[in-house]
Each structure stands twice: as structure tokens, then as C-alpha cells.
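Following: one structure in C-alpha cells, then a few remarks.
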Amino acid sequence: MAAEVAERHLELLRDEREAELAQSRAWQESVSLKELQRRGVCLLKLQVSSQRTGLYGRLLVTFQPRKCDSDTELPSNSFGPGDIVGLYESAGQGDPLCTGVVTRVTPKAVTVALEEPRDGELAVDHEHSFRLLKLANDVTYNRLKRALTALKQYRGGPASDLIDVLFFASAPRAFPETKPLEFFNASLDESQREAVSFSLAQRELAIIHGPPGTGKTTTLVEIILQAVQQGLKVLCCAPSNVAVDNLVERLAGCRARLLRLGHPARLLQPIQQHSLDAVLARGDCARLVADIRRDIDQAWANTKKAQDKGERSHFLGEIKTLRKELKEREEAAMTAALSQASVVLATNTGASSDGPLKLLPETHFDLVVIDECAQALEASCWIPLLKAPKCILAGDHKQLPPTIISHRAAAEGLSLSLMERLAGHYGERAVRMLTVQYRMHRHIMEWASSELYGGRLSAHPSVAQHLLRDLPGVSDTEETSIPLLLIDTAGCGLFELEVEDEQSKGNPGEVQLVGMHIQALVDAGVKAKDIAVVAPYNLQVDMLRQHLCHRHPELEIRSVDGFQGREKEAVILSFVRSNRKGEVGFLAEERRINVAVTRARRQVAVVCDSHTVGSRPFLQRLLDHLAQHGLVRSAFEYLDDLVPQNYPGEGWAQRQQGPKPPGPKARPAPAGKLKVAAAGAGSQKPGARSSPSAAAAGRDGPGSKEGGDRFRAMLVAFLASSEAQLDFPTSLNSHERMLVHVLAEEYGLQHLSSGEGRDRYISVRKRLPKQSPLPSEPSEPPLPSEPSLPSEPSEPLPKPQHPSGNTPDPVEQGESSKGLGKVDLKSLHLERVQREKARREEAARKVQEPRSGRRKKDKSEAKGKPAVGSEAGEDFDALISAAIEADRTCGFPRCKASVTTLGQLCHHCQRLFCLSHHIPEVHGCGDKAKAQARQQISREGILYPGSGSKDKSLDPARRAHLQRRLDQKLSELTSQRKGKKKEKEK
Ligand SMILES: Nc1ncnc2c1ncn2[C@@H]1O[C@H](COP(=O)(O)OP(=O)(O)OP(=O)(O)O)[C@@H](O)[C@H]1O
Ligand SMILES: [Zn+2]
Ligand SMILES: [Zn+2]
């Protein structure tokens, strides 16, 4: 059985290895060095800053950027300890001078332990210029292969019984009697204690299932300490250096003797002091070893100065002898250090028998502990597993499994972790689940608990109710007082980017929404470092970074896969997918969504299109949960500041032919109200507005173009009238409201939605020119029309003692959960923020002043000039032709140039401009143009290192293909244009 499984895994690993190689070949063949550097896998123009002899007598060389000043930083890169790199001369082609292992990376330098080159001599001097390139690493693959082969042939070693249990040849057993434990950590909860006792009592196998935030590491630390106290030798592993370092850090405060093998990913002192290097340096023979290393360094220096070949080879011979001696001494010292340690820690592959562990006898270890086991390849677990009679596996197989490149290998079982395989088979006989979680607010946890953990999780009282507003320095706003927020883009036209043959997806609208929510949090005092933005697609991660990084440098933006194992006070999820087909791609993986949601401690905000995403029952249940326990906002409420960038792709282009909006030229007339009778505005979908998913129902509804034209006409009429406000009927569905909304934007009208559920309606108002607030009017009465507006929440007037208006708006209190019925929250929020700011300023000045954030209307301006056709607009035709007339002149305010022949259409605002005003930057579309340019850049696949792995968008072949198609398209367009010109000339 074991042999068969080992054999199958060997085959799948071969597949995987080939896929990996093909990928890196494709990269290197078709990508320039510069591009490789941009992708973080190559460092160009380096010089040697120092070199010395390290462990095993290997040459440790430190490289830094080749610049005059020593303060230059390396470009951002993905080099890390343990990476295999090739060293090349800058000008050189072909094979590397030599290869090596990265041992240390700082912002300014990278240190590499160079393997001895074939000819035994290496010219790394300070004058030359070098480059380092990350190489496909076959060390790992070879170790996996070796472990599986060893498993296949295993006979009668210490792990025999364990192997039988792990391949279901015999059932796991417990030791007959165990005495009750005295816990080192007195504050363990009941489920943690049970897991500790159970694990120690098992003879071969125990599995600790630790859902997010349940103290899995805390529990493992207790188990390890108990085992050490019983005199056991423990080998403790995890698939990644980060996870191993985490354990080292947690064990460091305890009495156990630790030894960390391999290269710690983090350079923190508490971790470094347990590394093999550091332990050896403190050891008895350290002095001797140091002397030999110095001698070697000296001999190296001598070879450089050597006059002739003879002298040179003399020194090289000397180095050889010294190295041999060094190796012997070091091995003796290492063996001593290893056998004295009670806990040896390494990555799974770092525990390989071709490393230091070969120095120990086969039966040295009593227990193997593997943390994050559900994220490890089974083959990698077998590297440590063959070294002991018992194992304790910890992890959560409801989170993401190891990443596999080869689809075939993944489908055939390579992505099934050992932990999942065993937990599925043995259940309670081998598994103990931790059930108290110490991370999430109750409402964040409850969804994950019921979906993935059998409803067994409970929130520890210390976190069950915690909110962002409870953090120091965070004020109590609507944004900071809710654990769950759904910003629903359904029906708002914020579709994902449609890039054919593009695997990765982006959604610029969601990028904007995320930015706005972050701003709201930051304005309320939440620190950017306590916020993470997480998206399932690397393209979206890149776009988010481009948009947000410079404004909030401490904000973390990651792929879901890259954020596993982490947590933040506030997490914003951008689900990206928004399309008519209801395709959800990556989101279909339930474990990915589980990881995404459970990173948050106090708040999770989901930005998504409920219509697309809700096509999956699993995701729909998440939306339902958000709606039930959190706040739901339609992206509408943010649209004031939002650019529906890719909307034209969805039928909006037709607008281009429509009449040009009168825009700023139409001046609003004095106050008054115009009620439009229910103009049979399309088919109303009952209940279309009551649930987030249904809100999108109207999007695909018929006649959106007709609707658009009708609403356009209504708006034109309204603009021409003397009315100040136009209420649309409640029979409009959400899509139609959106049309009105977008049109209102276009015409420079204010718009707001009011009422709840079926009574919801949208109204537009002429925008009255704002004026700077007059501090001398403390309680200016609102405009006559204002109090009577059913839509406007009556703002609490400033109270004499609290000019800040710090009390929350009654409207918000009344509607703490059902968000769709809300009035323009965004502007309420902005006002609140402004009030807050004003209050702070006032407090600082200690002067009683009236609130400054309040909007003021200038009454004299409000009278306005009469606009085109000031009769109350019944005659739409006349009005439309007036608008068309206006369409013949440049859209730039006050420019009278004709655009009938030489007009240029701006694709951002859909208006025609004369030649001197058509550039977006000139007439005010600069930001939109920039945004589009950025979008294009991301579409072309610029990668920022760390945005996750294996982004298919990087496939150079596909990129080249896209580039070709783009070029083709461009030249097509060019020749078309030329053709037209010629026609005209004739
Ligand atoms: N019994 C306990 N009492 C109080 N706090 C606890 C307890 N157990 C764990 N915690 C706290 O919960 C947090 C998470 O603990 P730990 O790092 O052990 O969790 P984990 O399950 O390993 O996390 P991850 O989900 O990242 O794997 C820590 O802040 C820890 O202090
Ligand atoms: Zn424009
Ligand atoms: Zn002009």
C-alpha cells in the first residue's frame, strides 16, 4: 500500500516538476532581463561588497547594487533565504559562473553561499559587475523524490508502525494509561487541553484540527513542552520557513533547547540565536572553527595577490586542506549541537537526510510534529515522518491546500494533503478539533463555523464583540461600528475587465470602492497598517496596489493565497467577478473564501457583485449572512465619486450618438418641485430592491437604451424647467435608478435615493453652486425646500453645547442593519467626517464656532439665470432639438467653437470638443484618462513581487499574443482613419 502510494506520488511529482520547468523556461526564453528584474527574479548590475567563509567552508559573498553611493537599495525582489540562484557576469551569456544558495537578504544587499564552481576557482572581485538570477530549484524536488523512494523501500525502521497507520493497514492506538497532565500554559481552553492530552496519549498518530484563530500554535507549543518534559526528542517541521520561524519564536521563551536548521526567513534575534550557525558559534570548538575560516579567507586573498601559477596553486591546495579540516571540526560540533537539542526545527524539506540530520542515528527522534500540515505536499511530510515512530499533525484542511502547477497532478491527488487524507479516513479516532477562536468578532466567525466547521466554533469573550471603534484612537462612526459590510455593485455596471484569453481578472470599479472604504476607515482613525485588502486575482492585487499604495504605504494588499496564516483588524475583500454569465472562477473554491473571510479580526468588508457571485449557493449564503448580520450598501451610495470606467462596453456606447447634454450651460432655475407621474418606467420587478442579489435583477432587463433615452429626455426637460427637484416614481427598478443616476452625473445634477424597499425612489436636484461656509451664521435655517424633502434625513441641528453634532444621526441608528433602505450614506459619512474634523479643529482652538462642514446654498446664485426654454418642460421635442443645437459647439464651458466638422469625442465624458479642448486633461477628464491608462498597464501584466504565485497573466506567450493583437487593432484603426480622411478629401 505504502509502496503503491509512493509510486503514484513519484509519478505526479514528475508531472509537477515538468510543469514547473516549462513555466520557468517560458519565462526565461521570452522575457528580457530587465523584465525579469521587474518580476523580482533577477538582480542586475551588482557588485561584490564583501566575502567570507561560512559553514562547510563555503564562500559567502555579499552583493549590492553597483552604484557610487553605498546607500542604494536593491530593486524590489522575491529573493529569500534558501533560494537557488545563478551568478552571471553582467555581460555574460549562457551558463552561470556558478550557483549558490541565498542566505540573507536585506533591503540593500543579498548574500549568497556559492557552490564551488567546477574548476575550483571563482573570480568574484570588486571590480566586476554581476547579476543574480533565481533558478528553478531542483533541490526540493530531489529531496521529495528521495523521501518517496525511501518510503517505498522502508523495512523495519522506527517508523514502521506509523507507516501502517498512515496507510490504513492498522488503526491508530493509544497508550494504555496516562497520568493527568500539569499544563505549562494555565490558560488553555477546554478544547486545547483535550487536544494536548489526546495527542500525548496516542501511540502513532494524532491530528489537531485548528480552524482560524483557535490557538493551534499555542496548543502545539504546549504539546512540545510536555513531550520534552517526558524526555522525548522532538523533530518539529512545517512546509514554510515562515511557519517554522513562528514556532521557534513561540518556543523561544520556554526552557526547551532549540535548534533551528536551515535559513530562517526572518532575521529577528530570538529566532537567529537558535539557528545552527549561532549555536555553533557559541560552542566549544567555535574558536577553532573561526580560526580555520580566517585562514581560508587569508589564503583566498593570497591567491589574488599570487604572482605566478605555481604560487596560486599552492594557495589553492592550502585552501583545500583547510576546508577538509574545517568540515570535520564542524561536523563534530554539529553532531553535538543536534543531539543536545530537545527540539530540532526545520522545514519539511530542510529535515532531509542530505542535510545536518544525517549526522544523527536513525532512532534519535521520538516524535515528529508537523504544523500547517494541510498546506504541505504529502511527499514533503514523508521527509521528517520516516524519522520517528509517532507524529502529530496540525493544520486546517478547510483552508487552502498546497499550490500545484500541473492541473493533471492536482486532479489526480497531488493537492490532497496527508492531513486531509487521514482526517477523512479516521475522523474522531485520530482528530481533535480546537473550537474556541481568539480572532474574529462573533458575526465574522459564525458564517465560517456553520459552513465549514460543523457549527462547532465559538468566539472567546475577549473577541466576540470587538469592533474597530474599540481600538485606541478610532472614533465611533458607522464604518467602525459594524463587523460585516457588503458593498454590492450589482446593477451598477462595474463589470470585471473583459480581457480575452486572460486568466487573471481585474475590476477597476471595485478598486475605487475599496479605496473609498479605506478612506472612510482611515478618516475614522483606523491605521492603515491594521487594514488589509485581499483579492483572489493577482491582476486585481496589482491594480489595487497601483491605486492605493502611494496613498497608504502601510496598507497590505495581497492575494488570498498570499494572506493565508495572517490576520488584520480590518480586511477588505474585493471579489472582482462581475459578468453576465455568473462566472466566479477562483471564487468557486470554498476554502479560498474561507481563508479570505477569516483573516479579519474586527471587520470584514466584501466588495462584490452579488448578482454574479450569488450564482453559487455557497457564496449566496455568505451574502445572506452579510445581509442578515451586517450592513449592506449598494455601490450606488458611493457612485458620486465613482467612474463607471468600463461601462461603455455594456451598451452605453450608444449614448455617443445621443444628443449632447447641455451640461453646465443649463442653469438651474429657482426652487420649486416637479413631480413626475409614474411614467410607466419599465417593468418593475417586485421585491427587486429588497435583497442584495435581487438588486441586480433589473440590469439585464429589456429596454435599457429606451429607458436611457426616456430618462435623458426627462432630465433635459427638467433642466430646462424652473423646478429645483425632480422625483422619479417608485416603480423604477434598480437598474433604471442606476440609469437615472448615471445620467444625472452626466448632467451635473445632484441625485439621491430615498425611501425603503418598494418605496425607494430616486430624485435629482439642480446643483447649486457651493459657497464657502459663513462662520457668522451659526444656525442658518435650511432652504425652504429642504425640510420638506422626504429624502433628506433631517440633520440634527447643532446643539449649543455640542457644536460638533457628535451625536449619531437618528436615521443611522434606526437602520443599523438593513442597508439598502439607506439614504445617501456616503455624503452623510463625508459630512460626518467633516464635522469630526471641524470639531477637532475647534477643540484645538477652544473657540465656540458654528459647525463649518455644513453645506450652504447661495441664495442669490440659486435664483440663477433662465435656462434654455424656461417654460415648464412639456414639449420634449423642442427641448431635445435645443440640446442638439447646443451639441454643435464645444463642450468646454464658454467655448463657442463649432464641433460639427472637426469635433473630437472624449471617450470619458462622451462630449464633443474643439481641437484645443479635446485633450482629457484640458477639459477635466484627466483623472479618468489616467485611470484608464493605469488599467491598461495592469492588463498588460506588470507584476509586483509578492502578489502571489503563478499568475497566468504572466504567460509570456499569451502576453505577446495580446500585444500583437493590440498592435494589429491599432494599425487597423489607423488605416481606417486614413481611409476616411481620403474619402473626405475627394
Ligand atoms: N487559551 C487561550 N487563551 C487566550 N488566548 C489564546 C488562547 N489560545 C490562543 N490564544 C490567542 O489566540 C491567538 C492565536 O493563537 P495561535 O497563534 O496559537 O493561533 P493559530 O491557530 O496558530 O493561528 P493561525 O490561525 O494563524 O494558525 C493568539 O493571539 C493567542 O494569544
Ligand atoms: Zn472628457
Ligand atoms: Zn473648445
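The values are calculated or read from the model by the stated rules, or taken from the named source; none is laboratory data. Keep in mind it's a predicted model, so treat the numbers as computed, not measured. Please note: Cβ atoms are built from the backbone with ideal geometry, for glycine as well, and neighbour counts cover all protein chains shown.
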All positions within region 453-473 that are crowded, with 20+ Cβ neighbours inside 10 Å and more than 19 Å from residue 570 (Cα to Cα): 453, 457
For residue 314: the one exception among (1) over 44 Å from the mean Cα position of the chain (by Cα); (2) buried (at least 23 other Cβ atoms within 10 Å of the Cβ): (2)
Given (1) touching a residue at least 60 places away in the same chain (Cβ under 8 Å); (2) within 16 Å of ligand 1 (Cβ to nearest atom); (3) β-branched (Val, Ile, Thr), number of the condition residue 149 does not satisfy: (2)
Residue check for residue 250: in a loop (DSSP other than H, G, I, E, B), of a type in the set (D, E, K, R) and either within 26 Å of residue 360 (Cβ to Cβ) or modelled with pLDDT under 95 (or both): no
Residues satisfying the stated conditions in region 888-931, i.e. hydroxyl-bearing (Ser, Thr, Tyr) and either near ligand 3 (Cβ under 10 Å from one of its atoms) or surrounded by 15 or more Cβ atoms within 10 Å (Cβ to Cβ) (or both): 889, 898, 916
Some residue of region 372-379 being over 28 Å from the mean Cα position of the chain (by Cα) and either over 30 Å from residue 338 (Cβ atoms) or not assigned by the TED database to the domain that holds residue 536 (or both): yes
Candidate set: region 273-288, residues that are of a type in the set (Gly, Ala, Ser) and under 30 Å from residue 317 (Cβ atoms); chosen: the one surrounded by the most Cβ atoms within 10 Å (Cβ to Cβ): 283
Matching residues in region 320-342 - criterion: being in contact (Cβ under 8 Å) with a residue 60 or more places away in the chain, part of a helix (DSSP H, G or I) and of a type in the set (A, V, I, L, M, F, W, C): 322, 326, 337, 338
So residue 586, is it more than 16 Å from ligand 2 (Cβ to nearest atom), modelled with pLDDT under 90 and closer than 19 Å to residue 399 by Cα: yes
Residue count for region 541-582, restricted to those that are more than 9 Å from the chain's Cα centre (by Cα) and within 16 Å of ligand 1 (Cβ to nearest atom): 7
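Okay, residues lined up against (1) surrounded by fewer than 21 Cβ atoms within 10 Å (Cβ to Cβ); (2) closer than 29 Å to residue 167 by Cβ:
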position: 203; (1), (2): yes, yes
position: 209; (1), (2): no, yes
position: 213; (1), (2): no, no
position: 227; (1), (2): no, yes
position: 257; (1), (2): yes, no
position: 271; (1), (2): no, no
position: 290; (1), (2): yes, no
Within region 720-769, strands (runs of 3 or more DSSP E) holding 2 or more residues that are under 14 Å from residue 637 (Cα atoms), modelled with pLDDT of 70 or more and touching a Phe, Trp or Tyr at 6+ places or on another chain (Cβ under 9 Å): 749-754, 761-766
Selection status of residue 501, more than 16 Å from ligand 3 (Cβ to nearest atom), at pLDDT 95 or above, surrounded by fewer than 17 Cβ atoms within 10 Å (Cβ to Cβ) and not assigned by the TED database to the domain that holds residue 210: no
Index of the failed condition, residue 193 passing every other in (1) basic (Lys, Arg); (2) closer than 25 Å to residue 6 by Cα; (3) within 16 Å of ligand 1 (Cβ to nearest atom): (2)
Restricting region 229-240 to residues that are in contact (Cβ under 8 Å) with a residue 60 or more places away in the chain and surrounded by fewer than 22 Cβ atoms within 10 Å (Cβ to Cβ), the residue that is nearest to ligand 3 (Cβ to nearest atom): 240
Where residue 353 falls short, out of the listed (1) among the hydroxyl-bearing types (Ser, Thr, Tyr); (2) more than 32 Å from the chain's Cα centre (by Cα); (3) surrounded by fewer than 16 Cβ atoms within 10 Å (Cβ to Cβ); (4) not in a helix (DSSP H, G or I): (3)
Checklist (1) within 28 Å of residue 538 (Cβ to Cβ); (2) assigned to a helix (DSSP H, G or I) applied to residue 486, failing item: (2)
From the options 416, 400, 345, 422, residue that is within 16 Å of ligand 1 (Cβ to nearest atom) and outside any strand (DSSP E or B): 400
